[in-house]
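The values are calculated or read from the model by the stated rules, or taken from the named source; none is laboratory data. Since the structure is predicted, the reported quantities are computational estimates derived from the model, not experimental observations. All Cβ positions, even for glycine, are placed from backbone atoms using ideal geometry, and neighbour counts span all protein chains on display. We work out accessible area using only protein heavy atoms, side chains counted, and drop any ligands, DNA or RNA first. Shrake-Rupley method; radii C 1.70, N 1.55, O 1.52, S 1.80 Å.
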Amino acid sequence: MHIEPQPDPETPSKERLRLWLRFLKASRTIEATLRENLRTEFATTLPRFDVMAALSRFEDGLKMSQLSDVLRVSNGNVTGIVDRLSEDGFLIRVPVPGDRRASVVRLTRRGTEEFARQAAAHEAWISDMLGDFSPDEARDIRLRLEQLEASLNGGKG
């Protein structure tokens, strides 16, 4: 008589834990590679790249509070980065009429051109690192992760 082994009741949660750990490890590996590539090829940092990426999507610029919200970091974290990018000529601060304390931050032409160079390299690095996935596989995984994100946000993708 052959008895089928009973599934371990912990298996679903253990498998999900293993999945999470793989996500985390892959994410950290990719991020470390991006940080190193940005440092060596552009003498910049991932936070600087992230600020420029955010501003590249808003041609009219963003208030500092809006930029912090987009990046999901505190104003204090963004201020120093914005100061250095401004000193380097990659962005400018424009006062908000009627609000002496507020300014809008936006990329300069030089900042837009530099970000375009960095973004092209960034896309190529990511494509190389994820090159084992076909475009269809990448799309399918992305869609599944979007579903996960939506469920984690209570249905608000």
Q) Restricting attention to the stretch 72-107, which residues are under 13 Å from Pro47 (Cα atoms), open to solvent by 70 Å² or more (accessible area, probe 1.4 Å) and either more than 22 Å from the chain's Cα centre (by Cα) or in contact (Cβ under 8 Å) with a residue 24 or more places away in the chain (or both)? A) Asn77, Arg84
Q.
Take the conditions of a type outside the set (Asp, Glu), surrounded by 15 or more Cβ atoms within 10 Å (Cβ to Cβ) and assigned to a loop (DSSP other than H, G, I, E, B) and apply them to Phe49. Does it pass?
A. no
Q | Of residues in the stretch 138-157 being open to solvent by 90 Å² or more (accessible area, probe 1.4 Å) and outside any loop (DSSP other than H, G, I, E, B), the one nearest to Glu36 (Cα to Cα) | A | Arg142
Q: Evaluate the following for Phe133: is it open to solvent by 50 Å² or more (accessible area, probe 1.4 Å) and of a type outside the set (A, V, I, L, M)?
A: yes
Q: Give the residue, chosen from Asp50, Asp8, that is among the acidic types (Asp, Glu) and modelled with pLDDT of 95 or more.
A: Asp50
Q | Residue that is over 18 Å from the mean Cα position of the chain (by Cα) and of a type in the set (Gly, Ala, Ser), where the choices are Ser27, Ser56, Ser68, Ser13 | A | Ser13
